[in-house]
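The values are calculated or read from the model by the stated rules, or taken from the named source; none is laboratory data. Computed from a predicted model, the values in this text were never measured in an experiment. Cβ atoms come from the backbone with ideal geometry, glycine included; neighbour counts cover every protein chain shown.
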Amino acid sequence: MQKLEQTWDLASLFEGGSKSKALKESMQEIEASLDTCQKSIDSLGDQPNAAWKKTIIAMQALDANLSEVCNFAECLEAQDTADSLATQLTGILDGLRARNQSLGVQLETRFLQADDAAWESLLSDSELAPIAFSLSDQRDLAGRKMDPEKEMLTGELAKDGYHAWGRLYDKLAGSLRVDFQENGSSETLSMGQLHNKMESVHAGIRRSAFEKLEEAWSSVADLSAMALNNQAGFRLTTYKKRNWDSVLYEPLRMNRMSRETLEAMWGVVADKSAELVPYIEAKASLLGQSKMTWYDKSAPVSSDEKSYSYEEAAQYIMEQFGKFSQPLADFARQAFDKRWIEVEDRQGKGAGGFCTDFPDSQETRIFMTFGGTFGGVSTLAHELGHAHHTWILRKKPFWATEYPMTLAETASTFCETLITDSALKSASNDEEKLNLLDKKLDEAATMMMNLRSRFLFETSFFAERESGPLTVDRLNELMKNAQVTAYAGALDDHAYHPLFWASKLHFYITSYPFYNFPYVFGFLFSNGIYDRAIQEGPSFSKKYVALLEDTGSMTCEDLAKKHLGVDLIKPDFWEASVERALQHVDPFVKLARARTTV
């Protein structure tokens, strides 16, 4: 395969980066659209008519335009955390988003004024019918909020309060650097680069990286705690004023799932996750440990684990995607060829990875740091799954493409499973099989234990935050307690990660509260879908696309009922999905014992 560029192409979206003239012009157009939409909403009558339809379509277009620019700014900040103009740009865009949110509140208020018969007639319009689910959801949510003036004020205050704390944390995390010693030389690493060191085959490097990570985050723990406490305080106050009786109301609503579904899922996970302990114990023995440590959880179990160039990773992914669906493989090739992916390992990049879409351009961009491991290949496949999901929906009206995080994680995890299962089937020897089983089970442990610890932490944190801000020591204590519970006591008591609450970006994302259970839902939901793919063979690829096409227009429960014929509020589906994840425990333990007894 020809050499691939490891940096993405943003110029095809807005040439000039944070100094882009086209970007500036687009922002000016958005400002003009905000003014126009404000006038349109002000002139609307009490009941739906042609002006309502025109305003709704204009607001949808405005949302898409704003999403295009905001996502571009996110990419600019991620590729270079020192880009001060990009940071300034994000602040300006927060102002535009606040204005747009205010318009949304006003439009939703109009929706409430319409009588039910007139409303249903409006939704039957051929242009509005595809977004009827979104419009009805907006109308219903409007009836559960404060009065419009208070909601608009809340949005304005969030710009320089709630969201500002998130921006401060992002800047803090992006600017952290440590000097790291390896092989007799020293290099300055970002937090993302340092985290990759914990996948090293050398135990000393993993431990040193973890110690440096804890040291770095300890130095800014007080500031991180301020951001977390103040963001939580803003949310709790807002929820109280809206008479929302649970901190989970908003995240469940955003993820279009019921409390019953969440409890059914977590109930099965809580009952079954201890069955992963034999895997953790066997892996600890392979690593020469009496008990597993936090920094060894994702360590390779073999020193000769295969490494991949970026080109090899791309070729492998396309080949495996093609075995399920040629259109999926063709999409991946397009993403590589058109440089929609940023993977270069360099200083100054943001930590973590993401996929973001550009609705006006009908393109996507993927951000990550590729370290040459199979884990990196899996992550790349995961993000391509996100991108492919967006691609499938690109022709739909924008409000019909806004699927929840729960369903977003479905496509990505499905693609990741395609890669890992294919590799496992073609493993040529026990050593390779052991490595791949470890990858599968590490993912299962991440979803059923790590993500659960995050949920447990946030739940307990918000319960205590009702009475006032928490100290760094108390946050550390809650984090460790959550980890001990979620990992069923399988880790060394002195080697947990109490500062995880400070180091994990997901806790500080203001646009997605409780950014944890959607991953678990997606992981388990995709397991169920993957089983169908195995049972039905190649013909299932069309059903898979049909399912993804509906993700922007249904609740999780309705989607599962329509396309899989299952009831998500019952434990049966979740039990089958969890069992699929646990099926690799015994084979791993058997291979691990065979190696340690040689």
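List of remarks:
- Of the residues making up the stretch 328-340, those that are assigned to a helix (DSSP H, G or I) and in contact (Cβ under 8 Å) with a residue 40 or more places away in the chain number 5.
- Odd one out for Ala381 among (1) over 18 Å from the mean Cα position of the chain (by Cα); (2) touching a residue at least 60 places away in the same chain (Cβ under 8 Å): (1)
- Being under 22 Å from Lys240 (Cβ atoms) and outside the structural domain of Cys75 (by TED's automatic domain parsing) holds for only one residue in Gly104, Gly166, and it is Gly166.
- Among the conditions (1) closer than 29 Å to Ala225 by Cβ; (2) part of a helix (DSSP H, G or I); (3) assigned by TED's automatic domain parsing to the domain that holds Ser102, the only one that Met146 does not satisfy is (2).
- Residues in the stretch 378-406 that are of a type outside the set (D, E, K, R) and closer than 17 Å to Asp337 by Cα: Leu380, Ala381, Leu384, Gly385, Ala387, His388, Trp391.
- Looking across the stretch 241-284, the residues that are touching a residue at least 40 places away in the same chain (Cβ under 8 Å), touching a helix residue (DSSP H, G or I) at 6+ places or on another chain (Cβ under 8 Å) and more than 30 Å from Gly552 (Cβ to Cβ) come down to Ala270, Lys272, Ser273, Glu275, Leu276, Pro278, Tyr279, Ile280, Ala282, Lys283.
- Check on Ala32, under 20 Å from Ser136 (Cβ atoms) and either at pLDDT 95 or above or more than 33 Å from the chain's Cα centre (by Cα) (or both): no
- When we screen Ala546, Ala495 for residues that are farther than 20 Å from Leu236 by Cα, in contact with a helix residue (DSSP H, G or I) (Cβ under 8 Å, 6 or more places away or on another chain) and in a helix (DSSP H, G or I), the only hit is Ala546.
The rows are residues; the columns are (1) of a type in the set (Gly, Ala, Ser); (2) at pLDDT 95 or above; (3) closer than 27 Å to Lys395 by Cα.
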| residue | (1), (2), (3) |
| --- | --- |
| Leu505 | no, no, no |
| Thr510 | no, no, no |
| Leu547 | no, yes, yes |
| Asp558 | no, yes, yes |
| His563 | no, yes, yes |
| Phe588 | no, yes, no |
| Ala594 | yes, no, no |
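- Complete set of residues in the stretch 375-403 that are in contact with a helix residue (DSSP H, G or I) (Cβ under 6 Å, 6 or more places away or on another chain) and not in a helix (DSSP H, G or I): Pro397
- Flag: Ser577 does not match the condition of being crowded, with 16+ Cβ neighbours inside 10 Å, of a type in the set (S, T, N, Q), assigned by TED's automatic domain parsing to the domain that holds Lys439 and assigned to a loop (DSSP other than H, G, I, E, B).
- Within the stretch 231-241, being buried (at least 17 other Cβ atoms within 10 Å of the Cβ) and either at pLDDT below 95 or of a type in the set (S, T, N, Q) (or both) holds for Gln231, Thr238.
- Helices (runs of 4 or more DSSP H) completely within the stretch 220-292 that count 2 or more residues being in contact with an Asp or Glu (Cβ under 8 Å, 6 or more places away or on another chain) and more than 30 Å from Ser302 (Cα to Cα): 221-241, 259-272
- Restricting the stretch 392-416 to residues that are of a type in the set (D, E, K, R) and under 26 Å from Gly376 (Cα atoms) leaves a set whose member that is surrounded by the fewest Cβ atoms within 10 Å (Cβ to Cβ) is Glu416.
- Scan of the stretch 456-495 for residues that are over 25 Å from the mean Cα position of the chain (by Cα), of a type in the set (Val, Ile, Thr) and surrounded by fewer than 17 Cβ atoms within 10 Å (Cβ to Cβ), ordered by number: Thr471
- The stretch 558-574: number of residues that are in a helix (DSSP H, G or I) and either over 17 Å from Ala400 (Cα atoms) or not assigned by TED's automatic domain parsing to the domain that holds Lys440 (or both): 9
- Residues satisfying the stated conditions in the stretch 271-321, i.e. among the small types (Gly, Ala, Ser) and either surrounded by fewer than 16 Cβ atoms within 10 Å (Cβ to Cβ) or outside the structural domain of Glu416 (by TED's automatic domain parsing) (or both): Ala274, Gly288, Ser290, Ser302, Ser303, Ser307, Ser309, Ala313, Ala314
- The condition of being over 18 Å from the mean Cα position of the chain (by Cα), in contact (Cβ under 8 Å) with a residue 12 or more places away in the chain and surrounded by 23 or more Cβ atoms within 10 Å (Cβ to Cβ) holds for Ile419.
- Checked against (1) at pLDDT below 95; (2) within 24 Å of the chain's Cα centre (by Cα); (3) on the phi > 0 side of the Ramachandran plot, Arg256 meets all criteria but (1).
- Of all residues in the stretch 136-165, those that are under 21 Å from Gly233 (Cα atoms) and modelled with pLDDT of 90 or more have Cβ atoms under 7 Å from Cβ atoms of residues that are polar (S, T, N, Q) and part of a helix (DSSP H, G or I), 6 or more apart or on another chain, in Thr154/Thr238; Tyr162/Gln231; Trp165/Asn230; Trp165/Gln231.
- Taken as a whole, the stretch 463-473 holds no residue that is touching a His at 6+ places or on another chain (Cβ under 8 Å), in the same structural domain as Gln289 (by TED's automatic domain parsing), part of a helix (DSSP H, G or I) and over 24 Å from Asp160 (Cβ atoms).
- Criterion applied to Ser190, Ser185, Ser224 was being modelled with pLDDT under 95, buried (at least 21 other Cβ atoms within 10 Å of the Cβ) and among the hydroxyl-bearing types (Ser, Thr, Tyr), and the one residue passing it is Ser190.
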